[in-house]
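Participant: Input: one structure, supplied below.
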Amino acid sequence: MLVNATEMLQKARDGHYAVGAFNVNNLEWAKAILQAAEECKSPVILGVSEGAGKYMCGFPVVAAMVKAMLETMKITVPVALHLDHGTYEGAKACVAAGFSSIMFDGSHYPIDENVEKTKELVALAHANGMSIEAEVGTIGGEEDGVVGMGEVADPAECATIAGLGVDFLAAGIGNIHGVYPPNWKGLDFETLDKIHAATNNIPLVLHGGTGIPADMIRKAVSLGVSKINVNTECQLSFAAATRQYIEAGKDKQGKGFDPRKLLAPGADAIKATVREKIELFGSMNKA
Ligand SMILES: [Zn+2]
């Protein structure tokens, strides 16, 4: 069933586990993630970036597809359809399209403007029964052409934004999008601890979940992280499985060129990655 993410993340926070937010790019992606979540009896968040939304012909298409899939696939676990790194305009478009959750990434605005826009979108989201995530301190790496420097969030700014009524908060703690470089220094747990202490137990969000070592994930969860975003890792496993299929020449055997066959190994690989993350995050059987 489609729900907003507030209750599932509060339960995760109280139960000391995290819910995975997996980005979707097309029908196969959404199907694989939903299958994995249902089999694991885990709540799940489907993340949609502005770029992926455009790729899928717009947010209304994504919302209609996911809602129909929940019915036809007989999904019983709680599912949130969430805008990932939304702009001000994108957030409004997802409210209109029938998403159940939005992220407003105002981290690149001066704090005053971030506050003003976040306030407005909190009111709009809540009036529509939706949950809303805000971000303080840019997350490093690249997302849809926007390159952040991976700054560490200021706990006082986190407290200000959390106080605006957002339901969960993303804060930069040295995490980055994409693949982590070999010289990465790891997560800044000291800052995470300060942010957790300053933000009244609001569920915290860890972006850039790909490739963070398991022990760091567990420690982050123990310090209030209740939502972990995974995007790149599903892309990498999809690409590797597809490459293997092609390199083995399977597309040239019989009807191996049939897209339903060609895309199957990649979809299975996404499922396996999602299942692995659900186990690591501890949300198995928490639906
Ligand atoms: Zn992110």
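The values are calculated or read from the model by the stated rules, or taken from the named source; none is laboratory data. Remember, predicted model here, so these are calculated numbers, not experimental data. Positions of Cβ are generated from backbone atoms using ideal geometry, with glycine treated the same way; all protein chains shown enter the neighbour counts.
Participant: Pairs, please: C-beta under 8 Å, at least 6 apart or cross-chain, first residue at negative phi and in the range 252-269, second among the small types (Gly, Ala, Ser) and surrounded by 15 or more Cβ atoms within 10 Å (Cβ to Cβ)?
Facilitator: Once the first residue is at negative phi and sits in the range 252-269, its partners that are among the small types (Gly, Ala, Ser) and surrounded by 15 or more Cβ atoms within 10 Å (Cβ to Cβ) give 265/241; 266/237; 266/241; 267/32; 268/32; 268/241; 269/237; 269/241.
Participant: Continuing with the same structure: Which pairs do you get when a residue that is among the polar types (S, T, N, Q), found in the range 26-39, comes within reach of a residue that is part of a helix (DSSP H, G or I), reach meaning Cβ atoms under 8 angstrom, with the pair 6+ apart or on two chains?
Facilitator: 26/55; 35/271
Participant: Same structure, new question: Yes or no: the range 181-194 includes at least one residue that is under 16 Å from the mean Cα position of the chain (by Cα), basic (Lys, Arg) and either farther than 16 Å from residue 151 by Cα or at pLDDT 95 or above (or both). Before you say what the answer is, go through the steps one by one.
Facilitator: Here is the first cut: in the range 181-194, the ones under 16 Å from the mean Cα position of the chain (by Cα) are none.
No; the residues of the range 181-194 include none that is under 16 Å from the mean Cα position of the chain (by Cα), basic (Lys, Arg) and either farther than 16 Å from residue 151 by Cα or at pLDDT 95 or above (or both).
Participant: Can you find even one residue in the range 257-276 that is β-branched (Val, Ile, Thr) and in contact with a Phe, Trp or Tyr (Cβ under 8 Å, 6 or more places away or on another chain)?
Facilitator: Checking the range 257-276: at least one residue is β-branched (Val, Ile, Thr) and in contact with a Phe, Trp or Tyr (Cβ under 8 Å, 6 or more places away or on another chain).
Participant: How many residues, within the range 76-91, are among the polar types (S, T, N, Q) and either crowded, with 19+ Cβ neighbours inside 10 Å or within 16 Å of the ligand (Cβ to nearest atom) (or both)? Before the answer, list the steps.
Facilitator: First, pick out the residues of the range 76-91 that are among the polar types (S, T, N, Q): 76, 87.
Narrowing the set further to residues that are either crowded, with 19+ Cβ neighbours inside 10 Å or within 16 Å of the ligand (Cβ to nearest atom) (or both) leaves 87.
Of the residues in the range 76-91, 1 are among the polar types (S, T, N, Q) and either crowded, with 19+ Cβ neighbours inside 10 Å or within 16 Å of the ligand (Cβ to nearest atom) (or both).
Participant: Name the one entry in 65, 73 that is surrounded by fewer than 16 Cβ atoms within 10 Å (Cβ to Cβ) and touching a Leu at 6+ places or on another chain (Cβ under 9 Å).
Facilitator: 73
Participant: Report yes if some residue within the range 168-190 is assigned to a helix (DSSP H, G or I), aromatic (Phe, Trp, Tyr) and either surrounded by fewer than 20 Cβ atoms within 10 Å (Cβ to Cβ) or in contact (Cβ under 8 Å) with a residue 12 or more places away in the chain (or both); otherwise report no.
Facilitator: yes
Participant: Any residue that is touching a Ser or Thr at 6+ places or on another chain (Cβ under 6 Å), at negative phi, within 16 Å of the ligand (Cβ to nearest atom) and of a type in the set (Val, Ile, Thr) - is there at least one of those in the range 221-228?
Facilitator: Scanning the range 221-228, I find no residue that is touching a Ser or Thr at 6+ places or on another chain (Cβ under 6 Å), at negative phi, within 16 Å of the ligand (Cβ to nearest atom) and of a type in the set (Val, Ile, Thr), so the answer is no.
Participant: Now for a different question. Would you check if there is a residue in the range 106-122 being under 25 Å from residue 3 (Cβ atoms), buried (at least 23 other Cβ atoms within 10 Å of the Cβ) and touching a residue at least 40 places away in the same chain (Cβ under 8 Å)?
Facilitator: Yes, that holds for at least one residue.
Participant: Looking at (1) away from the ligand (no atom under 14 Å from the Cβ); (2) of a type in the set (Ser, Thr, Tyr); (3) surrounded by fewer than 21 Cβ atoms within 10 Å (Cβ to Cβ); (4) under 18 Å from the mean Cα position of the chain (by Cα), which one does residue 232 not meet, given that it meets all the others?
Facilitator: Condition not satisfied by residue 232: (1).
Participant: Give me a count of the residues in the range 200-220 that are surrounded by 23 or more Cβ atoms within 10 Å (Cβ to Cβ) and more than 16 Å from the ligand (Cβ to nearest atom).
Facilitator: 1
Participant: For the subset of the range 237-246 comprising residues that are of a type outside the set (Val, Ile, Thr) and within 20 Å of residue 27 (Cβ to Cβ), which member is surrounded by the most Cβ atoms within 10 Å (Cβ to Cβ)?
Facilitator: 238
Participant: Considering the range 92-109 alone, what residues qualify as being more than 16 Å from residue 45 (Cβ to Cβ) and either touching a strand residue (DSSP E or B) at 6+ places or on another chain (Cβ under 6 Å) or more than 16 Å from the ligand (Cβ to nearest atom) (or both)? Please lay out each step first, then the result.
Facilitator: Step one: list which residues in the range 92-109 are more than 16 Å from residue 45 (Cβ to Cβ), which gives 92-93, 95-97, 106-109.
Those that are more than 16 Å from residue 45 (Cβ to Cβ) and either touching a strand residue (DSSP E or B) at 6+ places or on another chain (Cβ under 6 Å) or more than 16 Å from the ligand (Cβ to nearest atom) (or both): 92, 93, 95, 96, 97, 107, 109.
Participant: Residues of the range 1-55 being closer than 14 Å to residue 203 by Cα and among the small types (Gly, Ala, Ser), which ones?
Facilitator: Result: 5, 12, 15, 18, 20, 21.
Participant: Could you go through the range 173-180 and let me know if any residue there is away from the ligand (no atom under 16 Å from the Cβ), in contact with a helix residue (DSSP H, G or I) (Cβ under 9 Å, 6 or more places away or on another chain) and over 26 Å from residue 77 (Cβ atoms).
Facilitator: No; the residues of the range 173-180 include none that is away from the ligand (no atom under 16 Å from the Cβ), in contact with a helix residue (DSSP H, G or I) (Cβ under 9 Å, 6 or more places away or on another chain) and over 26 Å from residue 77 (Cβ atoms).
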